[in-house]
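Enquirer: The following block contains the structure, expressed as structure tokens.
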Amino acid sequence: MEQENLQGKERRRNVLQEIWEHPLYAEAYRQLQEAEQGRKFCCHSAEHFLDVARIAYIQNLEEGLGIRREVLYTAALLHDIGKALQYKERIPHEIASAEIAGTILNDLGDEFSKEEKAAILQAIRGHRSSRNGQTDLERLLYESDKKSRLCFICPVEAECNWEQAKKNMEVDR
């Protein structure tokens, strides 16, 4: 009987795992980890991507914005994935990340609507600064990216070239 129940249930698509396993993502992530070996400042690891996602999702819930979890997590997983291209080819990482993300989003088929894909790409391109007129997703990605960094306990914070206003200098959610 239990066997029948398991077979009768449809397995829910795990789009986040599909992104993680996408060959383009996997290669960009590998290059990023290689490029940041020995880096003393904040690195761009899976932990960072997931911290950004979780913080954004919590803020989304607290503010009652209604952004789909998969949209938030996808934007967070992809927002810095082009950072190795910034190191190697001096392409701003928000541009490189959006380009990689666009290919991956297209490969995911109909998981995201056209509007959601556009919103994810806009948020990735806009995640490095705060500005008037940001979408909620852009703002959440920007704020969560900053909050994910523990500047207040970083041993090299004084050497960091981030603007003081962007540094996370206090314990917060």
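Enquirer: Considering the dipole of the chain built from charges on the beta carbon (Lys and Arg +1, Asp and Glu -1) around the Cα centre, which of 123, 50, 103 is farthest to its positive end?
Expert: Farthest towards the positive pole: 123.
Enquirer: Of 101, 53, 26, which is the most mobile in a GNM of the chain whose springs link Cα atoms less than 10 angstrom apart?
Expert: Looking only at 101, 53, 26, the largest GNM fluctuation is found for 26.
Enquirer: How much accessible area per residue does segment 74-153 have, counting only protein heavy atoms and a probe of 1.4 Å, in square angstrom? Could you put the intermediate results ahead of the total?
Expert: Details: 3580 Å² over 80 residues.
Per-residue value: 45 Å².
Enquirer: First measure r as the distance between the Cβ atoms of residue 46 and residue 69, then evaluate 1/(1 + (r/R0)^6) with R0 = 22 Å and state the FRET efficiency to the nearest 0.05. Intermediate results must be reported in sequence, preceding the final value.
Expert: Details: r = 17 Å, r/R0 = 0.79.
After rounding to 0.05, the efficiency reads 0.80.
Enquirer: Let me ask something else about it. With a 1.4 Å probe and all protein chains left in place, how much of the accessible area of the chain comes from carbon and sulfur atoms, in whole percent?
Expert: With neighbouring chains kept in place, the figure for the chain is 49 percent.
Enquirer: Explain nothing, just compute: Karplus ³J(HN,Hα) = 6.51 cos²θ - 1.76 cosθ + 1.60, θ = phi - 60°, for every residue of segment 63-71 in order, whole Hz, x for Gly and Pro.
Expert: 8, x, 7, x, 6, 4, 3, 5, 5
Enquirer: On to the next question. Just grab the label-to-label distance for residue 89 and residue 21, each label 7 Å out from Cα along the Cβ direction, in nm (one decimal).
Expert: 2.8
Enquirer: Another question, then. For percent of Cα pairs over 27 Å apart, pick the label among (1) 28; (2) 24; (3) 38 that corresponds to the value derived from the coordinates.
Expert: Read-out taken from this structure: (1).
The values are calculated or read from the model by the stated rules, or taken from the named source; none is laboratory data. Everything numeric in this text was worked out from a predicted model, so none of it was measured. For neighbour counting, all protein chains shown are included, and Cβ atoms are generated from backbone atoms with ideal geometry for every residue, glycine included. Ligands, DNA and RNA are stripped out before the accessible areas are found, and what is left, the full protein with its side chains, is counted by its heavy atoms. Shrake-Rupley method; radii C 1.70, N 1.55, O 1.52, S 1.80 Å.
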